[in-house]
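Below you'll find the structure, written out as structure tokens, and then a few comments.
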Amino acid sequence: MRDCLLFFVRHPEPGRVKTRMIGPARPELVADFYAAMVEGMLDRLDNGLGADLIVCFTPATRVEVMRAWLGPNRRFLAQRGRDLGERMANAFRDAFALGYDRAVLTGSDIPGLTPSIVRQGLDALAPGRAALGPAEDGGYFLAGFYRDGFVPALFDEAQWGGSRVYARALERLAAADMDAAVLDRLADLDTVDDLRAMLDSPGCPLAGRALALARKLVGR
């Protein structure tokens, strides 16, 4: 079995990342926090993943900048598509074209994501079974497919960020006669309120520079 994690990342340009945090905080501070959060997630996922980690980045023209930021020895794949759903579907298509048998995709704003959670998602995959990780906000933080059971219709979503994204994803899988292995619920970070709630939670997964910048973002 060849397994991979498709890790979606945006170049941390001020004003272009985590825009829902801008307002209470300066764009430069938000971008610095996002960059530190990505670095912390990758440090954690680099240990014991048991799968290839592919950084799926946007904008597609920033590959050299991404290599300089995250390291030249990583695997990079440019995101391609007109919207988020198309970019995610194409990332799976690209992974399977590269010869991977199982692939899971996640975003770069899930500080609680661990190698064991990714492994659980990968190991659950089969031709008739996908994997989904529900997020606290009603979306999902992880989706996974076996190459012979890929359902691109999962990503035909008009309202990313809405409270029923995960529920509609389950409906689309059921319509394709696919079972869904459901992972434990995790929190993602879209707003300053999300960040404040994570800082107040037991076992906050943020650490190091990301934790220091998070506290600065919420005024602590």
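The values are calculated or read from the model by the stated rules, or taken from the named source; none is laboratory data. Owing to the predicted nature of the structure, the values given are computational and were not obtained by experimental measurement. Every residue, glycine among them, receives a Cβ derived from its backbone with ideal geometry; neighbour counts consider all protein chains shown.
Taken over region 183-195, the residue count meeting the criterion of being touching a helix residue (DSSP H, G or I) at 6+ places or on another chain (Cβ under 9 Å) and either among the acidic types (Asp, Glu) or surrounded by fewer than 16 Cβ atoms within 10 Å (Cβ to Cβ) (or both) is 5. Within region 111-127, restricting attention to residues that are in contact with a strand residue (DSSP E or B) (Cβ under 6 Å, 6 or more places away or on another chain) and surrounded by fewer than 18 Cβ atoms within 10 Å (Cβ to Cβ), the residue that is farthest from Val151 (Cα to Cα) is Ala126.
Scanning region 52-73 for residues that are in contact (Cβ under 8 Å) with a residue 24 or more places away in the chain and either surrounded by fewer than 20 Cβ atoms within 10 Å (Cβ to Cβ) or part of a helix (DSSP H, G or I) (or both) yields Asp52, Leu53, Thr58, Pro59, Arg62, Val65, Met66, Trp69, Leu70. Within region 1-29, the set of residues being in a helix (DSSP H, G or I) and either in contact with a Ser or Thr (Cβ under 8 Å, 6 or more places away or on another chain) or free of Cβ contacts under 8 Å to residues at least 60 places away in the same chain (or both) comprises Thr19, Arg20, Met21, Pro27, Glu28. Within region 62-109, the set of residues being out of contact with any Leu (no Cβ under 7 Å at 6 or more places or on another chain), of a type in the set (S, T, N, Q) and under 12 Å from Phe8 (Cβ atoms) comprises Gln79, Asn90, Ser108. Ser201 fulfils the conditions (1) farther than 19 Å from Arg93 by Cβ; (2) in contact (Cβ under 8 Å) with a residue 24 or more places away in the chain; (3) among the hydroxyl-bearing types (Ser, Thr, Tyr) except for a single criterion, (2).
Glu136 satisfies every condition listed in (1) at pLDDT below 95; (2) of a type outside the set (A, V, I, L, M); (3) surrounded by 17 or more Cβ atoms within 10 Å (Cβ to Cβ) except (3). Restricting Leu84, Leu77 to those that are more than 30 Å from Arg215 (Cβ to Cβ), hydrophobic (A, V, I, L, M, F, W, C) and out of contact with any Lys or Arg (no Cβ under 7 Å at 6 or more places or on another chain) reduces the list to Leu77.
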